[in-house]
Amino acid sequence: MSSPSPGFQVSSPEHGIGRRKSQFTHRQLSLLASFSPSSPLRVIAHVDLDAFYAQCEMVRLGIDEEQPLAVQQWQGLIAINYSARKFGIGRHCTVTEAKKLCPNLVAQHVATWKEGEETWAYHDDAASHIATHKVSLDPYRLQSRQILALIKQCLPANKQKVEKASIDEVFIDLSAQVHSILLQRFPELTGPPPYDDPTEKLPLPPITALDWKADVLVDLDDAEAEVDDPDWDDVAILIGSEIIRDIRAEIRKRLHYTCSAGVAGNKMLSKLGSGHRKPNQQTVIRNRAIQRFLSDMKFTKIRNLGGKLGDQVKSTFNTESIKDMLEVPVDQLKLKLGDDTGLWFYDTIRGIDLSEVTSRTQIKSMLSAKSFQPSINKMEQASKWLRIFAADIFSRLIEEGVLENRRRPKTIHLHHRSAGQTRSKSSGIPQGKALEEAILFDLAKNMMSQIASEGRVWPCTNLSLSVGGFEDGITGNMGIGSFLLKGDEARISKVTSCDSPLDLSSHEPQEKKRRLESPGIQRFFPKKDLSAGEDQTDSTELDYTHGDVERRVSGSRSRQLSITDYMCSRCNAVFESAEALQSHNDWHLAKDLHDEERGRSTFASSKRIVPRSEKNATQAPRKKHSGGGAGGKRLEQGQSKLKFG
Ligand code: CTP
Ligand code: CA
Ligand code: CA
């Protein structure tokens, strides 16, 4: 990508003369180069694809943008393009209801794996075959990957930090790139600070109107603020928004997708920004506009406050308004919510969020699952589905580089649900020889037989197979280990029962989860919250999880069972957002690392401020099953019509 076009035309040599200094110091500027969350100049963007699955289908089928289109799953809708939204169609609609609202609607069913087939395909009759098909979101994963790869290509190789937050969104820390562009454009910033003192203030930027192009600028805190001269934080965010505008244009040009973005000084604000105006727009939240932007908002719209925690604050203080909550003294918040949560909330509603953008783009686990309607009653049936799950997972593993041994999973897990009870088995995947689909299938069958030998397994309403514990490319939040209970042994090296049969009806935290939860986490979340899930926004990564859910239909009434849920493939915990799941998976990862590293003093001494959002996500989530599918990616017959590169 070409370097971003300057948003201002001036490089005035007269800057600073007779004027007061910038409020920022030389040190704060240099911290920008190292992505330091403590630099008040940092620039974070959040990019979210508009009506993502719907756009995938439009691009694949070459459908005009004006054409109303929805993505169908059985009789329900899981994505609706903006043309269709004008008719009042939403995710709550069934296909029949949507077609009444807009007879011209194109309802494209998601790809499915058909029982007995070796790969997924787009089947015209999928909607009426919920019993024999399972959903594949592979086409969307593939697009997601291409978009992510393009975004990375657009960023300088040595100055990029990109965090995939869900199948259709990323956080980008633009700080280092913005730092180098600042130095290029404003040579006055390159010299040493006066008296070699890094705490000296910078000169002010040249006085000039900043050109925000088509960006949505949120209103400023007060009328006075606009007349204040721009400072370096405004300039930094402007440069960030130029970079993002170019990236969005590139995504549009090369892959034909529109997306929306938020550019701000931290993750929380950038995420609020990307959702502020959709579709195909970017919103800039300058530091001087934060207060006003937030005070008009409900705190339940903020990341991590959409669910239980938000509800708790709401009922405790009898309001949802940030403006009201700004009046509450920090001590009061600590008293009612606990010290950590209270302080976190206090900061958050003031727009303070020091959490880092972490470059995690590696898949950490993969899940293939199916909820049965009607339930299945024979080992042969279970076996057929296990074969599909193994094929599904293996084809995704190929893309992860399992054949070249770049990455491979260490563990495999089977969850079986019958009569409201889930039983789980885990097994080590033999290392030291090439992994094959048949190995996964055999392990799955073996675990299934063990479950069957232990009691009544029919009728079975849900089966899920997952792999985890990937060996390579692990990056993680080591510091989170400080939350782990000492002496915990969670590594699974041989076939063994999960410590905790998941009784989904009881909503009790899994025994295993309970053991892993630290006092720190429990302090952060009141005990009663530990059993329940958290509404939030988006994900972890990755693909693996999101979307491996199915909407099921009972009679003509659409019953949404799990469409909003994100299930952890390792412990079956369910989250309502991909982000929450990502954080939760980070926790698993940290736990794995902790187990591996136990005894090494480096781990014990490694320190990192754990963003509270991570602690947040470690609470035991609501347990609930989601069925659903993921698909393979080998280009086979049914897929040859895909236009996706
Ligand atoms: N998705 C889903 N079920 C949900 C939420 C999301 O299946 N409860 C899928 C959607 O199909 C969607 C993708 O995940 O296309 C991304 O979700 P999201 O960003 O929340 O919505 P979009 O459909 O992309 O719409 P928007 O333009 O509002 O971002
Ligand atoms: Ca989206
Ligand atoms: Ca999203």
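The values are calculated or read from the model by the stated rules, or taken from the named source; none is laboratory data. These figures come from a predicted structure and were not determined experimentally. Here Cβ is always computed from backbone atoms with ideal geometry, including for glycine, and neighbour counts include all displayed protein chains.
Among SER11, SER30, which is the only one that is modelled with pLDDT of 95 or more, more than 16 Å from ligand 3 (Cβ to nearest atom) and of a type in the set (Gly, Ala, Ser)?
Just a single option satisfies the conditions, and that option is SER30.
Restricting attention to the stretch 28-56, report how many residues are away from ligand 2 (no atom under 16 Å from the Cβ) and within 19 Å of the chain's Cα centre (by Cα).
Qualifying residue count for the region: 1.
This table checks each residue for (1) closer than 23 Å to LEU354 by Cα; (2) of a type in the set (D, E, K, R); (3) free of Cβ contacts under 8 Å to residues at least 12 places away in the same chain; (4) crowded, with 17+ Cβ neighbours inside 10 Å.
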{"site": "HIS133", "(1), (2), (3), (4)": "no, no, no, yes"}
{"site": "ALA157", "(1), (2), (3), (4)": "no, no, yes, no"}
{"site": "GLN177", "(1), (2), (3), (4)": "yes, no, no, yes"}
{"site": "PHE186", "(1), (2), (3), (4)": "no, no, no, yes"}
{"site": "THR190", "(1), (2), (3), (4)": "no, no, yes, no"}
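Can you tell me which residue in the stretch 154-197 is nearest to ligand 3 (Cβ to nearest atom), limited to those that are closer than 19 Å to ARG245 by Cα and of a type in the set (S, T, N, Q)?
Checking each candidate, the answer is GLN160.
Tell me, yes or no, whether the stretch 201-211 has at least one residue that is closer than 29 Å to ASP64 by Cα and part of a strand (DSSP E or B).
No, the stretch 201-211 contains no residue that is closer than 29 Å to ASP64 by Cα and part of a strand (DSSP E or B).
Evaluate the following for ARG252: is it free of Cβ contacts under 8 Å to residues at least 60 places away in the same chain and either within 16 Å of ligand 2 (Cβ to nearest atom) or in contact with a Phe, Trp or Tyr (Cβ under 7 Å, 6 or more places away or on another chain) (or both)?
yes
Say we look at the stretch 59-89 and pick out the residues that are within 23 Å of the chain's Cα centre (by Cα) and within 14 Å of ligand 2 (Cβ to nearest atom); which of these is farthest from ALA126 (Cα to Cα)?
TYR82
Name the residues in the stretch 287-301 that are not small (Gly, Ala, Ser) and not in a strand (DSSP E or B), would you?
Pass one, the stretch 287-301, residues not small (Gly, Ala, Ser): 287-288, 290-294, 296-301.
Once the filter is applied, which keeps residues that are not small (Gly, Ala, Ser) and not in a strand (DSSP E or B), the stretch 287-301 yields ASN287, ARG288, ILE290, GLN291, ARG292, PHE293, LEU294, ASP296, MET297, PHE299, THR300, LYS301.
Quickly run through the stretch 356-376 and pick out the residues that are part of a loop (DSSP other than H, G, I, E, B), among the small types (Gly, Ala, Ser) and surrounded by 20 or more Cβ atoms within 10 Å (Cβ to Cβ).
Across the stretch 356-376, the qualifying residue is only SER365.
Could we say that ALA84 is crowded, with 21+ Cβ neighbours inside 10 Å and assigned to a strand (DSSP E or B) here?
no
Which ones in the stretch 450-464 are small (Gly, Ala, Ser) and either closer than 19 Å to LEU367 by Cα or in a loop (DSSP other than H, G, I, E, B) (or both)?
Answer for the stretch 450-464, where residues must be small (Gly, Ala, Ser) and either closer than 19 Å to LEU367 by Cα or in a loop (DSSP other than H, G, I, E, B) (or both): GLY455, SER464.
Is there a residue being modelled with pLDDT of 95 or more and buried (at least 22 other Cβ atoms within 10 Å of the Cβ) anywhere in the stretch 305-315?
yes
Please find, within the stretch 377-402, the residue that is surrounded by the fewest Cβ atoms within 10 Å (Cβ to Cβ) out of those that are touching a Lys or Arg at 6+ places or on another chain (Cβ under 7 Å) and part of a loop (DSSP other than H, G, I, E, B).
GLY401
Exactly one condition in (1) closer than 18 Å to ARG387 by Cβ; (2) part of a strand (DSSP E or B) is not met by ARG417; state its number.
ARG417 satisfies all of (1) closer than 18 Å to ARG387 by Cβ; (2) part of a strand (DSSP E or B) except (1).
What's the total number of residues in the stretch 33-53 that are on the phi > 0 side of the Ramachandran plot and within 11 Å of ligand 3 (Cβ to nearest atom)?
Qualifying residue count for the region: 1.
Right, LEU305: in a loop (DSSP other than H, G, I, E, B) and either closer than 19 Å to LEU41 by Cα or more than 13 Å from ligand 1 (Cβ to nearest atom) (or both) or not?
Against the criterion (in a loop (DSSP other than H, G, I, E, B) and either closer than 19 Å to LEU41 by Cα or more than 13 Å from ligand 1 (Cβ to nearest atom) (or both)), LEU305 qualifies.
Please pick out the residue among LYS164, LYS159 that is touching a Ser or Thr at 6+ places or on another chain (Cβ under 6 Å) and either more than 16 Å from ligand 2 (Cβ to nearest atom) or more than 18 Å from VAL59 (Cα to Cα) (or both).
LYS164
From the list ASP197, ASP168, which one is within 16 Å of ligand 1 (Cβ to nearest atom) and either within 17 Å of GLY262 (Cα to Cα) or surrounded by fewer than 23 Cβ atoms within 10 Å (Cβ to Cβ) (or both)?
Residue meeting the stated conditions: ASP168.
Residues to consider are SER166, SER241; find the one that is among the hydroxyl-bearing types (Ser, Thr, Tyr) and either free of Cβ contacts under 8 Å to residues at least 12 places away in the same chain or touching a His at 6+ places or on another chain (Cβ under 7 Å) (or both).
On inspection, the qualifying residue turns out to be SER166.
Exactly one of these conditions fails for ILE244: (1) crowded, with 24+ Cβ neighbours inside 10 Å; (2) of a type in the set (A, V, I, L, M, F, W, C); (3) more than 24 Å from the chain's Cα centre (by Cα). Give me its number.
With respect to (1) crowded, with 24+ Cβ neighbours inside 10 Å; (2) of a type in the set (A, V, I, L, M, F, W, C); (3) more than 24 Å from the chain's Cα centre (by Cα), ILE244 is out only on (3).
Look at THR112 and say whether it is closer than 30 Å to SER383 by Cα and touching a residue at least 24 places away in the same chain (Cβ under 8 Å). First the steps, then the outcome.
Details: closer than 30 Å to SER383 by Cα: yes; touching a residue at least 24 places away in the same chain (Cβ under 8 Å): yes.
Here the answer is yes, as THR112 does meet what is asked.
Please state which of the following conditions GLY90 fails to meet, knowing it meets all the rest: (1) farther than 30 Å from GLU356 by Cβ; (2) buried (at least 18 other Cβ atoms within 10 Å of the Cβ); (3) within 12 Å of ligand 1 (Cβ to nearest atom).
Answer for GLY90: the failing condition is (2).
Of all residues in the stretch 212-229, count the ones that are farther than 26 Å from HIS26 by Cβ and either part of a loop (DSSP other than H, G, I, E, B) or modelled with pLDDT of 95 or more (or both).
Applying the first criterion (farther than 26 Å from HIS26 by Cβ) to the stretch 212-229 yields 212-224, 226-227.
Remaining after also requiring either part of a loop (DSSP other than H, G, I, E, B) or modelled with pLDDT of 95 or more (or both): 212-215, 218-222.
Total meeting the criteria: 9.
Looking at ALA111, ALA98, can you tell me which residue is over 29 Å from SER395 (Cα atoms), away from ligand 1 (no atom under 12 Å from the Cβ) and crowded, with 24+ Cβ neighbours inside 10 Å?
Numbers: ALA111 fails: over 29 Å from SER395 (Cα atoms).
So the residue among ALA111, ALA98 that is over 29 Å from SER395 (Cα atoms), away from ligand 1 (no atom under 12 Å from the Cβ) and crowded, with 24+ Cβ neighbours inside 10 Å is ALA98.
Take the residues in the stretch 260-286 that are touching a helix residue (DSSP H, G or I) at 6+ places or on another chain (Cβ under 7 Å) and either part of a loop (DSSP other than H, G, I, E, B) or at pLDDT below 95 (or both); name whichever of them is surrounded by the fewest Cβ atoms within 10 Å (Cβ to Cβ).
PRO279
What is the residue count in the stretch 54-65 for residues that are within 16 Å of ligand 3 (Cβ to nearest atom) and among the small types (Gly, Ala, Ser)?
Residues of the stretch 54-65 that are within 16 Å of ligand 3 (Cβ to nearest atom), as a first pass: 54-56.
Next cut, among the small types (Gly, Ala, Ser) only: 54.
Count: 1.
Looking at the stretch 171-194, which of the residues that are closer than 30 Å to SER144 by Cα and not β-branched (Val, Ile, Thr) is nearest to ligand 1 (Cβ to nearest atom)?
By that ranking, first place goes to PHE171.
State whether the residues of the stretch 340-355 include one that is in contact with a Gly (Cβ under 8 Å, 6 or more places away or on another chain), more than 30 Å from SER34 (Cβ to Cβ) and part of a helix (DSSP H, G or I).
Scanning the stretch 340-355, I find no residue that is in contact with a Gly (Cβ under 8 Å, 6 or more places away or on another chain), more than 30 Å from SER34 (Cβ to Cβ) and part of a helix (DSSP H, G or I), so the answer is no.
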